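Structure first, then comments.
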Amino acid sequence: MENKILLIGTTNKGKVREIAEELKELPLIMKDLSEFPDISPPEETGKSFFENALLKARYYAEKTGFLTLADDSGLEVEALGGAPGIYSSRFAGPSATDEQNYTKLLNLLKGLPREKRKARFVCVMVCYHPSGQLIWSEGVWEGLIAEEPRGNYGFGYDPVFLVKEFNYEKTAGELPLQVKNQLSHRAKALKSLKEKLRDFLKELK
Ligand code: IMP
């Protein structure tokens, strides 16, 4: 089978590396958005992770003509009815820092006992072909919100996310990247997408 081009629809170098590494056995030639500096990102107006991932994948696929992978992710906190969800990066305001976002979260949960601090990271990935054919996958990572931030690894809400696989004794911010990349919502979505992508590539005209 002839190798197909896959555009990884993100400017985040860490994500590009993680995705390229996981998909390296597939018959794909990978590109990323650094090769298309003139395409400005679309507005993320979707109402769900899926809608935002689809909107981005379709946008870049239609602009470039290439099969495109895009993702959307965030943190859902049970006691807040699933917030911040798709608003995770702007929880404390339009240009909030990671620290401002997790501090707002810690303040909202102040005094709540452990059993009411359940949370999950969610990641949805969509692969969209300009013909309109698509596949998608979802990955979930379960945890609890800590009372204080801990750890210098990672980004976003990692310092306040107590990881189930470590018996809620370590935050995601205390896990080196190689460990986080075995467990995370993004890693799970990516593994599941990889399996679907094998067949999808055979079906594409
Ligand atoms: P994006 O979809 O990767 O842009 O992520 C949206 C937002 O969700 C980020 O800005 C973070 O606030 C949060 N988020 C997503 N994935 C993670 C993660 O692995 N660790 C910590 N925060 C995350």
Item to check | Additional length obtainable on full extension of the chain from GLU62 to GLU25, 0.36 nm per residue less Cα span | outcome: 10.7 nm
Checklist entry - Against the longest principal axis of the chain, how steep is helix 185-203, in degrees 0 to 90 to the nearest 10, with axes from Cα atoms? => result 20
Item to check | Linear extension gain, LYS47 paired with ASN167, 0.36 nm per residue minus alpha-carbon span | outcome: 39.9 nm
Checklist outcome for this item: For LYS47, the aspartates and glutamates lying under 15 Å Cα to Cα, once residues fewer than eight places off in the same chain are dropped, come out as ASP71, ASP72, GLU76
Next on the checklist: Under a crude label model (7 Å from the Cα following the beta-carbon direction), how far is ARG17 from GLU142 in nanometres?
Outcome noted: 3.1
Checklist outcome for this item: The summed charge of the LEU109 Cβ neighbourhood (under 14 Å; Lys/Arg +1, Asp/Glu -1) stands at +1
Checklist entry - What ratio of Cα Rg to 2.2 N^0.38 Å holds for the stretch 116-205? => result 1.31
Checklist entry - Is any residue of the stretch 117-148 close enough, with backbone N under 20 Å, to a label point placed 7 angstrom from the Cα of GLU203 along the Cα-Cβ axis, and if so, which? => result 124-139
Checklist entry - Using modelled amide H (1.01 Å from N, peptide plane; none on Pro or chain starts), what sits under 5 Å from the amide H of ASP32, excluding residues fewer than 5 places away? => result ILE8
Item to check | Local net charge near PRO41, Cβ-Cβ under 15 Å (Lys/Arg +1, Asp/Glu -1) | outcome: -3
Checklist outcome for this item: Protection proxy (average C-beta count within 10 Å per residue), highest first, orders 187-197, 26-36 as 187-197, 26-36
Checklist entry - Which of the pairs LYS118/LYS180; LYS63/LYS194; LYS63/LYS188 have their Cα atoms more than 21 Å apart in this structure? => result LYS63/LYS194; LYS63/LYS188
Checklist outcome for this item: For the stretch 146-184 the chymotrypsin sites (Phe, Trp or Tyr not before Pro) that pass both the DSSP coil test and the at-most-15 other-Cβ-within-10 Å test are TYR153, PHE155
Next on the checklist: For the stretch 4-203, what does the convex hull of the Cα positions come to per residue, in cubic angstrom?
Outcome noted: 116
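We did not get these values from a lab; they are worked out from the coordinates using the rules stated. All figures in this text were calculated on a predicted structure; none of them were measured in a lab. Reconstructed Cβ throughout: ideal geometry from the backbone, glycine too, with neighbour counts over all protein chains shown.
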